[in-house]
1. For Met48 and Thr113 in the same chain, what is the full-extension length gain: residue separation times 0.36 nm, less their Cα-Cα distance, in nm?
2. Please rank Thr9, Thr113, fewest neighbouring Cβ atoms within 10 Å first, as an exposure proxy.
3. Of Val82, Val10, how do they rank once you tally other Cβ atoms within 10 Å and put the fewest first?
Amino acid sequence: MQTHMEGETVDDMLLMQETDLARLKLMAGYNRATQKDIFDLDYLSDRMTLPAMMGYLREHRAKYVADEHRSIFDLDGEESPVDDPNLLLKFDKPTEQPSFRPCHSNPRVEIMTGHKNWLSARSSWRLKVRRYFREIGQYNSLLRGFQ
């Protein structure tokens, strides 16, 4: 797997940098769209801006285009929020996933005491997406209630 930044080793384990994790979570968020992915995206976007996260995804897509960078997942013809920012809200309109796509057996998340519940994480993510849409001059009718 191609990453933008060198990973960090902690206790003999190589950990991915948050920038690369954000890019992967964006990919999961718009192609798999489970609650877990939105929790993760909301958490990561508390640590870096959504425009920065989208920039990492855009840069990665531009840099790694050769055949040797492709994976089995590229065969699916996955969509990207770089091309269609509305995909950042795909989780709000659940669709049936193709049976060949890996997915969690239980996409729901057990909430730890004192942390955001699903409604809070969902609202927080939608608010960040709304701000991003304003920045890029995009309008989405799904955000109408938040304007």
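Read the figures in this text as sums done on the coordinates, not as results from a lab. As the structure is a prediction and not an experimental result, all values here were calculated from the model. Reconstructed Cβ throughout: ideal geometry from the backbone, glycine too, with neighbour counts over all protein chains shown.
1. That works out to 21.0 nm of additional length.
2. Fewest-to-most Cβ neighbours within 10 Å comes out as Thr113, Thr9.
3. On the way: Val82 17, Val10 8.
Exposure proxy ranking, most exposed first: Val10, Val82.
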